[in-house]
Amino acid sequence: DDDEEEEEEDEGEDMVGYLEEPPRSAQAIRLLTRWMFPSKVGGRPAWLVPRNLPGTAAAAPASGSKGKGFGAAKAKVLPGEGLVCRTCACPLRFLLQIYASRGTDVPGAFHRVLHLFVCTNCQPNKARLFRAQLPWENKFYSSDPPNEQEISERLAESDDRDEELDSVCCATCGLPRTSADASDCDECQRRKRNGDPAAIFVEREISTTEADEPEEPDEEALADPTDSKSGAKEKEPDVEEVFTDGVKKEKGLDRDLVAEADGVIEAAKKKGASEAVLKKLEEYRTKVAESADNAIDASEQAVFDQYSKEQGEHDPVFSKFNRYAAANNGHVLRYRFDGQPLWFCGPEQMEGEPPPCENCGGPRCFEFQVQPQLIALLYGTNLADRLEFGMLACFTCRASCDAPSSRPYMEEFVFTQAEPREAWLPKC
């Protein structure tokens, strides 16, 4: 009984995702392919269902179609609109995917993957989300757990070919092709002609762990750190942050804190931060340069709170978001099925409920959000300078309804909360 109570208490807990180091070997890259059901950022999508991909005519809604099985016809390229932005019609870029099984609760969604694509032309980024799922026993994958060695050896023997996907996906970016005349999609062909690099984010695995809940701030921590009359204590709180090679060893992330601090300072200067705020940020940079254990704490949090005050009115939602970020240093994804979004700030929040599921008509619920820390951690890599958002809130069908055979990738709903630049401008 006690064990059952603990399991019930565990349900509904936040999970957070951290970036692992980019794969350094062919074997490591093979472990991020679809047969391993990875959660990852960038690279080529690891499509769960290797046919009728989104953006192709084969994936278009079929009038009067029925049934929940997958056809046996061989995958082929069919004309379609491609994976494009609904706002500007520019090609989308694959940002990330997460493996989010519904287990035995929803038998048809034992294997379940959410693919997220962003428009790097729109600023802030617009996004589209697709859900694909399969039962435990299906025609594409073994019912046994994936064997890393066997999968790696099989891919090595086949020169890393995927017969089911190679005929329909771009050889460069992995997105579905709308033409069978070339191995690359139209967008990758265009970029090659112009001498531009492939529009692919750097590939990195996402590892997950339970989130730490932030401590509620006391009045002294929220006081103006530049005000000597505020009574704020100068003594550092007795909290130690530990950074490791990845959450598989111990929760945390191996980060270049000095470089991150330099980025924050540069941004603060461009936005006209006061000398007092810049001094505090410089002190923080000095601390982390001495030791990574001197990561952000309550006093630095107070500086960021003060900075938001100087940009306009104090934003308690932004402060709450930052406390959560400090408690889970370096996380890029927050997951809580049927939970609530943790909004980036007060302005620009979604109003009302997400639209209902386009397939079954049932309600959608919040499932996960992409954090702005991802932008900072990808800084300096391909396409990272085109990412701009406060957070991306992703909502999916609460029932995880089964898809029709002609359309295994069901589009879900994404809300982009932008950074409220105008709302944070100094008030006249």
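The values are calculated or read from the model by the stated rules, or taken from the named source; none is laboratory data. Owing to the predicted nature of the structure, the values given are computational and were not obtained by experimental measurement. For neighbour counting, all protein chains shown are included, and Cβ atoms are generated from backbone atoms with ideal geometry for every residue, glycine included. To get the accessible areas, we keep the full protein, side chains included, count just its heavy atoms, and leave off ligands, DNA and RNA. Shrake-Rupley method; radii C 1.70, N 1.55, O 1.52, S 1.80 Å.
When 407, 386, 398 are screened for being among the charged types (D, E, K, R) and either surrounded by fewer than 16 Cβ atoms within 10 Å (Cβ to Cβ) or in contact with a helix residue (DSSP H, G or I) (Cβ under 7 Å, 6 or more places away or on another chain) (or both), only 407 passes. Filtered by the rule that a residue be among the charged types (D, E, K, R) and open to solvent by 20 Å² or more (accessible area, probe 1.4 Å), segment 327-372 gives 336, 338, 348, 351, 353, 358. Listed by position, the helices (runs of 4 or more DSSP H) contained in segment 124-198 that have at least 2 residues being surrounded by 20 or more Cβ atoms within 10 Å (Cβ to Cβ) are 186-193.
Considering each residue of segment 10-26 in turn, none proves to be assigned to a helix (DSSP H, G or I), modelled with pLDDT of 50 or more, open to solvent by less than 30 Å² (accessible area, probe 1.4 Å) and of a type outside the set (Ser, Thr, Tyr). In segment 373-395, the count of residues that are under 16 Å from the mean Cα position of the chain (by Cα) and closer than 20 Å to residue 54 by Cα is one or more. When the criteria are applied in full, residue 114 meets the requirement of being open to solvent by less than 80 Å² (accessible area, probe 1.4 Å), under 30 Å from residue 417 (Cα atoms) and touching a Leu at 6+ places or on another chain (Cβ under 7 Å). Of the residues making up segment 381-415, those that are farther than 19 Å from residue 83 by Cβ and among the polar types (S, T, N, Q) are 381, 400, 405. Tally time: how many residues in segment 155-204 are in contact with a Gly (Cβ under 7 Å, 6 or more places away or on another chain) and not basic (Lys, Arg)? Count: 6.
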